[in-house]
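Before any comments, here is the structure.
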There are 4 protein chains.
Amino acid sequence: MSGNTFGTSFKLTSFGESHAKCVGGVIDGVIPGLEIDMNFIQTEMNRRKPGQSNITTQRFETDFVEFISGIIDGKTTGTPLAFLINNNNHNSQDYNNLKNIFRPSHADYTYFKKYGIRDYKGGGRASGRETAVRVVGGAIAKLMLQKHKINVIAFTSQIGEIKLDKHYLELDISLAENNIVRCPDQIVANKMIEHLKKVKEDNDSVGGVVTCVIKNVPAGIGEPIFDKLSALLARAMLSIGGAKGFEYGSGFRSAEMRGSQHNDIFYTENRKIRTVTNYSGGIQGGISNGEDIYFKVAFKPVPSINRTQKTVDIDGNLCEIKIEGMHDVCIVPRAVVVVEAMAAMTIIDLLRE
Amino acid sequence: MSGNTFGTSFKLTSFGESHAKCVGGVIDGVIPGLEIDMNFIQTEMNRRKPGQSNITTQRFETDFVEFISGIIDGKTTGTPLAFLINNNNHNSQDYNNLKNIFRPSHADYTYFKKYGIRDYKGGGRASGRETAVRVVGGAIAKLMLQKHKINVIAFTSQIGEIKLDKHYLELDISLAENNIVRCPDQIVANKMIEHLKKVKEDNDSVGGVVTCVIKNVPAGIGEPIFDKLSALLARAMLSIGGAKGFEYGSGFRSAEMRGSQHNDIFYTENRKIRTVTNYSGGIQGGISNGEDIYFKVAFKPVPSINRTQKTVDIDGNLCEIKIEGMHDVCIVPRAVVVVEAMAAMTIIDLLRE
Amino acid sequence: MSGNTFGTSFKLTSFGESHAKCVGGVIDGVIPGLEIDMNFIQTEMNRRKPGQSNITTQRFETDFVEFISGIIDGKTTGTPLAFLINNNNHNSQDYNNLKNIFRPSHADYTYFKKYGIRDYKGGGRASGRETAVRVVGGAIAKLMLQKHKINVIAFTSQIGEIKLDKHYLELDISLAENNIVRCPDQIVANKMIEHLKKVKEDNDSVGGVVTCVIKNVPAGIGEPIFDKLSALLARAMLSIGGAKGFEYGSGFRSAEMRGSQHNDIFYTENRKIRTVTNYSGGIQGGISNGEDIYFKVAFKPVPSINRTQKTVDIDGNLCEIKIEGMHDVCIVPRAVVVVEAMAAMTIIDLLRE
Amino acid sequence: MSGNTFGTSFKLTSFGESHAKCVGGVIDGVIPGLEIDMNFIQTEMNRRKPGQSNITTQRFETDFVEFISGIIDGKTTGTPLAFLINNNNHNSQDYNNLKNIFRPSHADYTYFKKYGIRDYKGGGRASGRETAVRVVGGAIAKLMLQKHKINVIAFTSQIGEIKLDKHYLELDISLAENNIVRCPDQIVANKMIEHLKKVKEDNDSVGGVVTCVIKNVPAGIGEPIFDKLSALLARAMLSIGGAKGFEYGSGFRSAEMRGSQHNDIFYTENRKIRTVTNYSGGIQGGISNGEDIYFKVAFKPVPSINRTQKTVDIDGNLCEIKIEGMHDVCIVPRAVVVVEAMAAMTIIDLLRE
């Protein structure tokens, strides 16, 4: 277990640091003959990339994906798909002041304790920049899922105290891409944007929640006991930097519910067995039942804030730190596509088995 | 990925069905020379076993664990530890009425869709009985963790609408074993017991939440990117039957928080670097920082209730079902030890790497 | 990597010691709905079991296989198939004299160095008794291969200096089961039997070679680069106790050959692409080409001999040892079915991917 | 199982095609703080690279290795080490004539049957060019093994009918690098070179054998049952393109031997338990015993020869093929460093566990 590889049959191995030459990955388990739709892949990259709006970090990156193996005449050959994403911004900033200081609630201290050495430039491997690699994996997974008519859509359902109270079935979730916070209800989106402005003025950051819906997964996906679909989704989501919680279907609310209320009653529609309600979130006994799969992921506030904070240095001495530069006020709008990517890879991995 | 094996270096492979001869497992990766404390193991089994109080199912099982390999003169040899737990109660009930009917919110339908065949007797492999195997794995893991002074304690923090509002640091959580609901605050425990009586009278069931605390994990445990400690704990917890959500540290509440409030400021205590607050739940960048690790797991209400419910049969015909027998009103008090077991195996697996 | 699990999609986990209660295993990845042909399985067990002829050890074992999970109404459910094989002979001998002495060319010393503790009774986990577990795995794999019309046949092609010089295509290899050495050429078999008598009279043991042929594997099985079919077969074979070498197709003889002589020329037969010769042993670039797969496995002489031998004890003191009891003069005739089992599991594992 | 990743704790993932932009890899599990000795790595690359002498292919490649992640200030950080090796020679030849024709005893046909599509340019992924990636992995493994004083040396022991009959202990095997065939006995080397000239004049190719010796592996390395050190070495070696056989210690010759002759008698030297002979090849019961580990790998003749050969095209039509360009007359001298690389990675992987 090295932490750098995700999946079993559809497998993404990630490498690269935030301020080195590039980040990149190797995808193994792609079906042969898949057409690589570079437009689609780049569109996905753009949904994650920094600088896309005034609520995100202004680091400049084109996030152009270069595939260097596994393709002939625009189609996959079934061999590993390696790719690079250059870091345009690398080495441009001076991180020497962070070399011996641990930023609060970052991974600086824990990496140092684990390895005894760390790439201090912009967080190195622990930077959110590694999620660009996930988005490429997710884009390839989505291209494969298209052949199964499965689609994965995520959106922002909470930023700070501003919550989207409506159930996803009451909304047209495809509208999420219409605004910079990626919330499908424009009225709530406006409130979120207002809130983010305020947080930014305060030189602060704020957390939020992403909701994700996966449609058309056939019944029977997921493995019993330890590799339940819910367990694999939970692991995938909690592997995203800043994720603090996961719930699917009725989630934490189920703790308050009665069995008589929570049980999803079966019925038959067009010869297909379905359920009247879907508190199960499309998963029963860890295996998909053909209904929509939906879940939520909570993200903590970005720990980089434009304020002077107390901390310690490598020798344990108390000191102060001010993290310079433009940071995301809230990571959630950019995390939406990362959540989708992890969900897509989880599903295709199980389908490939 | 088969779903029946948990872990990489400390590995539990589970087998067995609810109403066959036995359930059992094989544990691989146990250190050689470990003394097998059968009293401890059996005590752990008793915390999970059915019939331990009037709020649990009255199925009779001694849950006696028999080790059949990997031990000489009471000590482990480093070779696989196989064990069996007999099903005393097997074949005692007639499940023929369930053979062709799907119980709502059970795994009957999804197993049928996945395999085309299923062991309909008492849920077969999808029965909660498989968690007995996890508890054995967890007990061995705890024996190994003792050598690292690491301990894992879980307790009930919510049943239905009755919540334990106090933070675990305000409580003596070792008191949880003093009452049948395993809540360390006796006043709240009494309310929970009252609530469960009411639910039982209603022939209904109810959900709840387990909180778990792991103390003395050294800094540096967990792997970057995909195998973050938080991700592995989430997967472990969501693999437990009935689990619907996981959050660690500040969890879902972090979504409402500001960075300035949420960041855990470092300080030095006795030359050890620590944090003033612990919203991180002992995990930063997916790696332990030496503070307490704590998390919550939400459980849905038990789907087996003593009421007539609508459902469909194997041919999609509408029908009715009444699930006979005594069932758990709430699984949470018995799930406490299962949560601990999964946490203990997750930690020892990472420590063994 | 624990050493006790074989395979990825079809996975056998082995446990148990030679003189404990039993040996056994868990098979994961069996297709649901497979009829368990107990007669076939037991016949396979009988081909390996001790005491089957006067050239094998006279240890008495019925080697009866008891399945304890994964089956309903005689058919597999797709869940793990756990099984036990009792050790009738356990604890019947006194091994105390071996407790602190390392038998030459056994695993006593290396296990001691690895674990610091070992089960000294009859070799414990390192005993050839563990191969009984492999034969069960192989029998289940063969039942699954039958559905693909693939069959696996091994036979003895050398014992000591007595070699079967004919190519397998010149023989009716199904005749191998007609004699106690499992050599399909009765004249050579007789010579082998004579030779073994002589070796036995000398209180000695002797090595040999098993040849294995796998027919009807479709083209396209095996993975590029590191998981070549040849590599996986080599690993499977060298994992058998006493195996010292593996070669497939032209094997070591290819070192002397010219490319113009060794290249297998393609032709077309009934619209199927075939090769005129088969020096490739059915594998090109690590992937099956549809021709017969064939390979050889060399086995060393059994290290247990009825002679006094010099050795050292646990403290490094020189001493003498005489290993009592009836031992196999040559393991090869019993290894034939183990070779088949490992080959069958290797193929079905790749087919299941 | 994808075939593109080798190892468990020390893990090499390989990618790239012969005539695409580059080949490359990702190494995971490198210890942090390791100094990257680029001179050493490049020297290893030069031992494998084409065009190094007149018996190898004249394809021009600098085989310069560029590391793109996992390093800071010349030292590893413990995160994945990704690297690229450019293909200078890519697209320089016209392979269109091979697009629809299967070269005899190459992987063309089997890749086509497996994937339905293939990179026909120079063998694509099935080209020997992928072994450059293994050599990088091996070089990093050797740098790690140096800290354990373990060294791995391979040499050519047979080319065609020219065999090195002396045991490696009778030779100074470090002399192997002094001649272009990498045989430590200069007299035999000269014969080999003469033989290769003759084969080249015949427009033919020839096979051979590599012997490898690993010194200073401590006792206790290797896993019981399925992951025996011998099994893992066999798999590693048979994964090299063109490998047809593997034997360790007494190998195939053990089949003719008696137990009384073959058993390695223990004795004590300087308080260390050793064996008088080493027919075991340093491995007993699959676990190292502290003696030298040694083994042989047989390679078939290179299938690309400068002669017109009969074959079939993609539609099964008979046709002729002549493979143009300069090819290796014998791959063995270049395979020596690949054998070392695979051995080094196998050992460090087990040591890292």
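The values are calculated or read from the model by the stated rules, or taken from the named source; none is laboratory data. If you're wondering where the values come from, they're calculated on a predicted model, not measured in any experiment. Virtual Cβ from ideal backbone geometry, glycine too; neighbours counted across all protein chains shown. What goes into the accessible areas is simple: the full protein's heavy atoms, side chains included, and nothing from ligands, DNA or RNA. Shrake-Rupley method; radii C 1.70, N 1.55, O 1.52, S 1.80 Å.
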Any chance you could look up the accessible area of A:GLU66 with a 1.4 Å probe, heavy atoms only, rounded to 10 Å²?
60
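Take the alpha carbon gyration tensor of the stretch A:211-270, find the square roots of its eigenvalues, order them as a ≥ b ≥ c, and report rounded if a/c is under 1.5; if not, report prolate when a/b exceeds b/c, else oblate.
Here the stretch A:211-270 falls in the oblate category.
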Could you give the alpha-carbon Rg of the stretch A:281-335 over 2.2 N^0.38 Å, rounded to two decimals?
1.98
With springs connecting C-alpha atoms under 10 Å apart, model chain B as a Gaussian network and identify which of B:SER288, B:SER239, B:SER304 has the largest mean-square fluctuation.
B:SER239
Please give the average number of partner chain Cβ atoms lying within 10 Å of the Cβ of each residue in A:200-210, rounded to a whole number.
4
Step through the residues of the stretch C:217-229 one at a time and calculate ³J(HN,Hα) from phi using the Karplus curve (6.51 cos²θ - 1.76 cosθ + 1.60, θ = phi - 60°), rounding each to whole Hz and writing x for Gly and Pro.
5, x, 5, x, 8, x, 10, x, 6, 8, 10, 4, 4
Ranked by GNM mean-square fluctuation in chain A (Cα springs under 10 Å), the top entry among A:CYS330, A:CYS212, A:CYS22 is A:CYS22
List every residue whose amide H lies under 5 Å from the amide H of A:ILE221, counting only residues 5 or more places away in sequence or on a different chain, with H placed 1.01 Å from N in the peptide plane.
A:SER288
Most mobile of C:ILE173, C:ILE162, C:ILE314 per a Gaussian network model of chain C (Cα springs, under 10 Å)?
C:ILE314
Mean projected area (nm²) from the convex hull of Cα positions in the protein assembly as shown is 48.8
Three-way shape label, the stretch C:103-171, alpha-carbon gyration tensor, a/c 1.5
oblate
Measuring from the longest principal axis of the C-alpha atoms of chain C, the long axis of helix C:186-201 (C-alpha) lies at a number of degrees, nearest 10, equal to 20
Solvent-accessible area buried by C and D, counting both chains, probe 1.4 angstrom, square angstrom
8400
Once you sort the root eigenvalues of the Cα gyration tensor of the stretch A:100-219 as a ≥ b ≥ c, which label holds: rounded (a/c under 1.5), prolate (a/b larger than b/c) or oblate (the other case)?
oblate
State to the nearest 20 debye the size of the charge dipole of the protein assembly as shown about its Cα centre, where the only charges are +1 on K and R beta carbons and -1 on D and E beta carbons.
0
Scattering profile of the stretch D:155-260 from the Debye formula, Cα beads only, expressed as log10 I(q)/I(0) at q = 0.10, 0.11, 0.13, 0.21 Å⁻¹, is -0.37, -0.45, -0.62, -1.26
Check which residues have an amide H placed less than 5 Å from D:TYR267's amide H, if you skip close sequence neighbours.
D:ARG274, D:THR275, D:VAL276
Using alpha-carbon coordinates alone, the radius of gyration and Dmax of the stretch B:233-353 in Å work out to 20.6, 69
Calculated FRET efficiency for the pair B:LYS215/B:ARG253, C-beta based, R₀ 25 Å, to 0.05
0.70
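Send over a whole-number figure in Å² for the accessible area per residue of the protein assembly as shown, probe 1.4 Å. Before the final figure, lay out the partial values.
On the way: 47170 Å² over 1412 residues.
So the protein assembly as shown comes to 33 Å² accessible per residue, rounded to a whole number.
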Relative to the other copies, what are the label-point distances for D:LYS198, with labels 7 Å from Cα along the C-beta vector, expressed in nm at one decimal and sorted shortest first?
3.7, 9.2, 9.8
Estimated vicinal HN-Hα couplings, Hz - the stretch D:271-279 in sequence order (Karplus 6.51, -1.76, 1.60; Gly, Pro = x)
6, 9, 7, 10, 10, 5, 9, 9, 5
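Let me check something: with ligands and nucleic acids excluded, how do B:CYS183, A:CYS319 order by accessible area (1.4 Å probe), largest to smallest?
Reading off the accessible areas and sorting them downward yields A:CYS319, B:CYS183.
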For the stretch B:163-215 and the stretch A:187-242, what is the separation of their C-alpha centers, rounded to whole Å?
29
What is the spread of the Cα atoms of the stretch B:1-89 along each of their three principal axes, largest first, in whole Å?
40, 33, 21
Name the residues whose placed amide hydrogens come within less than 5 Å of the amide hydrogen of B:ASN151, ignoring near sequence neighbours (fewer than 5 apart) on the same chain.
B:LYS215
Could you check the spin-label model distance between C:ASP37 and B:PHE64? Points 7 Å from the Cα along Cα→Cβ, value in nm.
3.9
Per-residue HN-Hα couplings for the stretch C:203-212 [Karplus 6.51, -1.76, 1.60; θ = phi - 60°; Hz; x = Gly/Pro]
6, 10, 9, 8, x, x, 9, 10, 9, 10
Limiting things to C-alpha atoms, what are the Rg and the maximum Cα-Cα separation (Dmax) for chain D, in angstroms?
20.8, 69
Within 10 Å of each Cβ in peptide A:154-166, how many partner chain Cβ atoms are there on average? Round it to a whole number, please.
1
Rg/Rh (Cα only; Kirkwood hydrodynamic radius) as it applies to the stretch A:55-148
1.07
Tell me the carbon and sulfur percent of the accessible area for chain B, rounded to whole percent, probe radius 1.4 Å.
47
Please work out the C-alpha center-to-center distance from the stretch B:39-114 to the stretch D:52-82 and express it in whole Å.
54
